[in-house]
Amino acid sequence: MKEIVVISGKGGTGKTSLTASFAYLGGKDVIVADCDVDAADMHMLLEPDFEKAEDFYSGEVAFVIQEDCIRCGKCKDVCRFDAIPIINNQYVVDPLNCEGCGYCARVCPTRAIENNSLKAGQWFVSNIKTGSIMVHARLSIGADNSGKLVAKVKNEAKSLAQKEEKDYVIVDGSPGVGCPVVSSLSGAAFVVLVTEPTVSGLHDLKRVFELVHKFNIKAGCIINKSDINTGVTAEIESFLRKENIVHLCNLPYDESFTKAMTNGQTIVEYDNNHLAEIISDTWEKVKEIVQ
Amino acid sequence: MKIAIASGKGGTGKTTLSTNLASYLSEREQVVLTDLDVEEPNSGLFITAGLVHEEDKFKMVPQWIEDKCTLCGICQRVCNFHAVIQLGQMIMVFPELCHGCYACSELCPEDTLPMIPKKMGKLRHFRKGNLEFIESRLEIGEEQAVPLIKQTHQYIDGNFPKEVIRIYDSPPGTSCPVIEAVKDTDFVILITEPTPFGLHDLKLAVETVKELGKRFGVVINRYGIGNDDVVDYCTGEGIPILAKIPNDRRIAERYSKGQLLYTTIPEVRDELDKIVAHIDKLKKGVSS
């Protein structure tokens, strides 16, 4: 079983549309993991049935039991996150600021602080229209620990793939270079970087590749909307050569991306044209590389 | 007056709106633009201004001093993040997992885990006329954006008076970095695009700002693609649509080169005027 992770650094470059297309092309051989748990969108293209749903608990938040509190203020003194303001003469935890380190509870002389586990989200296992399975999730609003939910989704997808003897796990990652991205990269056989020829696209590609490079994972790149700015496209291509990144393909700007999405379809289903052909050649190329 | 520009989905135009709005407003008054998307800061690609100040930003992490340690194990027990682990005769610290709570350091009976600074990023301050531009950039490999966002807020609060308009280009998503960026602001502009992904992620963003108790409005970018569902949703929920930036290849091309839009595309300037009118109305409300 090989794990292929699709990321982009910058958001909105077409990552999810392309991942869903690969999932469609791979059909029964591919288990899909939507690891963009902050803004998970892939379910809109793959018709999941939400067969199994489970709550995900991670991290803690402190709570002051007012009856037991003697107002000594030790908790407030040790808190580095300004999470225990005094409201109406009472020490009260602000859950938005609380990091769940538990330090306050450890120094409370009357044990008036308890730590409650936090529901950080929900995760699902679904049958999808490709005839295969998708593992996906929804992070609770404002929740911490998205990296841990990413790890959960990925590990579930991997163990399903092993159990069902599937060839590939395809992971849709989140934008950025922080904890959810780091979490989605671990264990990958190949990373597909999706970018666009804009100054931001190139800037973010370089940063996210620096991260991929630290993990020592082989990478390939798709330049989406490549005709928007041929100058920047050429710059990206020379960056790819310099860094030994496989140049997978260029995709011209095409509103079928949006139209397919509006129909709830992947691009390869919507449009049996030039785009579909390039994407399907690219998928073959990716499969060859990870063999 | 603090205004955050945010979105659930990435790539909907946060940076485009932040840089154009800030630059346009600075033609009439002082404006502070801050890029809080510290993982992938892009605003600086669209703003040419002179560097006035830069500083490294640090987070505090424990460092083990072997000599005095009695291997009592308290540090490992009090760390909720598994950032301090005892392995045989050694205490290992994993700085990338550390949240800087100081529990291990201060509860150590022998003072063998003093906190030391570790670089997590860099803050830079630029100026062009009335426009103050501050950017923070996370070191690659550093996983936590929140501490850097917090310190960036502190820099802004310490350097500029309250009345000055501050615009914050926020990170995408709905998790902790966005909360940290948005929680102390007076108004949030959510930017989206009229597609199913845009709508889905807009709804998440709306839930987030409602939970924070923020006032907010929506700007629709690439208006003309997709369908009418975003407009219908906003109308149904009574959410004000502040502006609609048209879908226009000229915009995509100028953006791709790192150029501002309102200077050459009058349709964009017209939409910015609508947002500015809304901000002026809010300012009156805040001061009265």
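Please treat every number below as a calculation from the coordinates, not as lab data. Small disclaimer: the values here were computed from a predicted structure and weren't measured. Because the Cβ atoms are built from the backbone with ideal geometry, glycine has one as well, and the counts that use them run over all protein chains shown.
Side notes on the structure shown:
- Remark: the Cα gyration tensor places segment B:1-156 in the prolate category, a/c being 1.5 or greater and a/b exceeding b/c.
- Cα-based helix-to-principal-axis angle, A:146-163 vs chain A, degrees rounded to 10: 50 degrees
- Helix A:15-26 axis, angle to chain A major axis (alpha carbon atoms, nearest 10°): 60 degrees
- Rg over Rh, two decimals, segment A:58-119 (C-alpha only, Kirkwood Rh): 0.92
- Burial order of peptide ranges B:204-214, A:29-39, B:8-18 (average beta-carbon count within 10 Å, highest first): A:29-39, B:8-18, B:204-214
- Full extension of the chain between B:Lys118 and B:Lys284 yields a length gain of 55.4 nm, computed as 0.36 nm times the residue separation minus the alpha carbon distance.
- Each Lys and Arg adds +1 at its Cβ and each Asp and Glu adds -1 at its Cβ; summed about the Cα centre, chain A shows a dipole of about 900 debye.
- Rel. contact order, % - alpha carbon contacts under 8 angstrom, at least six apart, segment A:58-119: 51 percent
- Gyration tensor verdict on segment B:109-265 (Cα atoms; rounded if a/c is under 1.5, prolate if a/b is larger than b/c, oblate otherwise): prolate
- Cα-based helix-to-principal-axis angle, A:230-242 vs chain A, degrees rounded to 10: 80 degrees
- Quotient of C-alpha Rg and 2.2 N^0.38 Å, computed over segment B:53-139: 1.45
- Separation of alpha-carbon centers, segment A:189-241 and segment B:25-41, rounded to whole Å: 26 Å
- Among the residues of A:200-213, the average count of other protein chain beta-carbon atoms within 10 Å of the residue beta-carbon is 4.
- Amide H within-cut-off set for A:Thr13, under 5 Å, with H built and near neighbours excluded: none
- Translational diffusion coefficient of chain B (Stokes-Einstein, Kirkwood radius from Cα pairs, 4 °C, 1.567 mPa s): 63 µm²/s.
- Distance between segment A:92-131 and segment A:1-28 - C-alpha centres, whole angstrom: 31 Å
- Positive end of the dipole of chain A (Cβ unit charges, origin at the Cα centre): among A:Gly102, A:Asn224, A:Val290, the Cα lying farthest that way belongs to A:Gly102.
- Using C-alpha pairs below 8 Å separated by at least 6 residues, the relative contact order for chain B is 26 percent.
- Scattering profile of segment A:250-291 at q = 0.13, 0.16, 0.26, 0.27 Å⁻¹ [log10 I(q)/I(0), Debye over alpha-carbon scatterers]: -0.30, -0.44, -0.86, -0.90
- Projecting the Cα atoms of A:Phe257, A:Met44, A:Leu118 onto the dipole axis of the protein assembly as shown, where Lys and Arg carry +1 and Asp and Glu carry -1 at the beta carbon, places A:Leu118 farthest toward the positive end.
- Two-site label geometry, A:Phe215 and B:Asp111: point separation in nm, points 7 Å out along Cα→Cβ: 4.2 nm
- Summarising the amide proton neighbourhood of A:Ile113: residues at separation of 5 or more, or on other chains, whose placed amide H is nearer than 5 Å comprise A:Ile65.
- Magnitude of the charge dipole, the protein assembly as shown, Cβ model with Lys/Arg +1 and Asp/Glu -1, debye to 20: 940 debye
- Calculated [θ] (222 nm, deg cm²/dmol) that DSSP helices of n ≥ 4 give over the protein assembly as shown, each run adding -39,500 (n - 2.57): -10500 deg cm²/dmol
- Globularity index of chain A, i.e. its alpha-carbon radius of gyration over 2.2 N^0.38 Å: 1.18
- Eligible aspartates and glutamates near B:Lys59 by straight Cα distance, threshold 17 Å, same-chain separation 8 or greater: A:Asp82, A:Glu99, B:Glu39, B:Glu96, B:Glu106, B:Glu139, B:Glu142, B:Glu143, B:Glu180
- Dipole in debye (nearest 20) - segment B:64-113, about Cα centre, beta carbon charges: Lys, Arg +1; Asp, Glu -1: 160 debye
- Using the Karplus relation 6.51 cos²θ - 1.76 cosθ + 1.60 with θ = phi - 60°, the per-residue 3J(HN,Hα) values for segment A:243-255 come to 9, 6, 9, 5, 7, 6, 5, 10, 10, x, 4, 8, 6 Hz, with x marking Gly and Pro.
- Shape class for segment A:213-291, computed from the alpha carbon gyration tensor (a ≥ b ≥ c): oblate, with a/c not under 1.5 and a/b at or below b/c.
- Relative contact order for segment B:1-95, counting Cα pairs under 8 Å that sit 6 or more residues apart, in percent: 16 percent
- Its Cα gyration tensor gives the protein assembly as shown an equivalent ellipsoid. The semi-axes, each the square root of 5 times an eigenvalue, are 37, 31, 23 Å from largest down.
- Positive dipole terminus of chain B, leading residue within B:Val84, B:Asn227, B:Ile165 (C-beta point charges): B:Ile165
- For chain B, taking a cut-off of 4.7 Å between Cβ atoms, the unpaired cysteines are B:Cys69, B:Cys72, B:Cys79, B:Cys98, B:Cys108, B:Cys176, B:Cys234.
- Rounded Å value of the spacing that divides the Cα centres of segment A:138-172 and segment B:195-230: 26 Å
- Remark on B:Asn221: its backbone amide H falls under 5 Å from those of B:Thr192, B:Glu193, B:Ile245, a criterion applied only to residues 5 or more positions apart or on other chains, H modelled at 1.01 Å from N.
- The lysine pair count for segment B:123-273, using Cα distances under 17 Å and pairs eight or more places apart or on different chains, is 5.
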